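Working notes for the structure below.
The values are calculated or read from the model by the stated rules, or taken from the named source; none is laboratory data. Nothing here was measured: the structure is a model prediction, and the numbers come from that model. As a convention, Cβ positions derive from the backbone with ideal geometry for all residues, glycine included, and neighbour counts pool all protein chains shown. When the accessible area is computed, the model is the full protein with side chains, heavy atoms only, and any ligands, DNA or RNA have been set aside. Shrake-Rupley method; radii C 1.70, N 1.55, O 1.52, S 1.80 Å.
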Amino acid sequence: MSPSSKKSKGTLPFVIIGLVLVAVTVAVVLMSRPGGTNSPAGPARQNTAQNPVQQQQTRAPQPGAPNPWAKGGASATVTIEEFSDFQCPACGNLAPGLRRVAGEYGDRVRLVFRNFPLQMHKYAFQAARAAEAAGLQGKFWEMHDILYERQKEWTDSMEPRVQFESYATRLGLDVQRFKADMERQDLADRIRADMTRGNSLNVRGTPTIYLNGRELMPGKLVTEDDLRREVGAALTSSGR
């Protein structure tokens, strides 16, 4: 065998290895180009990068409890919808003003009450149950008023149900029926339906007031004067 033949055979493995390396390099380059099979910028990811999907949650307003507690004209020009918590001091302060404003305008204004007991208030849900139970005997608004007027009394109690039962007695209710009704699941469901409506409207605190579907003074406490002014403006604009 000639020296040149030995040299060719000696370098052949290196040539093969070189060719393999070139082939691998070419493959890697092709795979890394946009649109390549394993490319981070392949078709699906390009679509995501160029057309990001906005995960925006839009919640349609929920109806709340059916046949909500309301006073005033059924076809009133102005509807005041209040989201309230019986243990909320600000709600208690606003309650008389709401009552006066609604009374002044009579059937031209409809006041709708929505339960929105806050988690921070230990007895708020029980108080809402008491109002709903009184409502089954035709005394919702009377219990509503007592709960706010005597708020500190039952809020400071170790067992507020004792106070609730005494209020039921004062209102002439069948107390045994009242106690049983406070445990009814359908009444708890009514309260939760109002809460769901409030959450769908982004209610964050109490009291929150809506006038003809528009939140009044978002982030601020509505006063009796605010209510009177806004209701008067709404009636004036409607020619009523």
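Tell me, what are the semi-axes, in whole angstrom and largest first, of the equivalent ellipsoid of the range 70-237 as set by the roots of 5 times the Cα gyration tensor eigenvalues?
Values: eigenvalues 146, 57, 44 Å².
Over the Cα atoms of the range 70-237, the ellipsoid semi-axes are 27, 17, 15 Å.
Quick check: net charge around residue 209, other residues with Cβ under 12 Å of its Cβ, Lys/Arg +1 and Asp/Glu -1?
Working: positive: 114, 214, 220; negative: 81, 82, 215, 224, 226, 230.
Within the 12 Å Cβ shell, the charges total -3.
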**Asked** How big is the accessible area of residue 237 in square angstrom, nearest 10, if you roll a 1.4 angstrom probe over the protein chains?
**Response** 100 Å²
**Asked** What's the carbon and sulfur percent of the range 107-240's accessible surface, probe 1.4 angstrom, rounded to a whole number?
**Response** 49 percent
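Rounding to the nearest 20 debye, state how big the charge dipole of the range 70-237 is about its Cα centre with +1 on each Lys and Arg Cβ and -1 on each Asp and Glu Cβ. The partial results should precede the final answer.
Numbers: 24 positive and 24 negative charges, 37 e Å.
Using Cβ point charges on Lys, Arg, Asp and Glu, the range 70-237 gives about 180 debye.
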**Prompt:** Between residue 122 and residue 159, 0.36 nm times their residue separation minus their Cα-Cα distance comes to what?
**Reply:** 12.2 nm
**Request:** Describe numerically, in nm with one decimal, the distance between label points set 7 Å from Cα along Cα→Cβ at residue 93 and at residue 177.
**Result:** 3.8 nm
**Complete:** the range 70-237: antiparallel bridges as % of DSSP beta bridges, rounded to 5, reads 55 percent
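Over the range 70-237, what is the relative contact order in whole percent, taking alpha-carbon pairs under 8 Å and six or more residues apart? Intermediate results must be reported in sequence, preceding the final value.
Working: 232 pairs, mean separation 55.1, N = 168.
Relative contact order for the range 70-237 comes out at 33 percent.
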**Fill in**
Expressed in square angstrom to the nearest 10, the accessible area of residue 108 with a 1.4 Å probe stands at 80 Å²
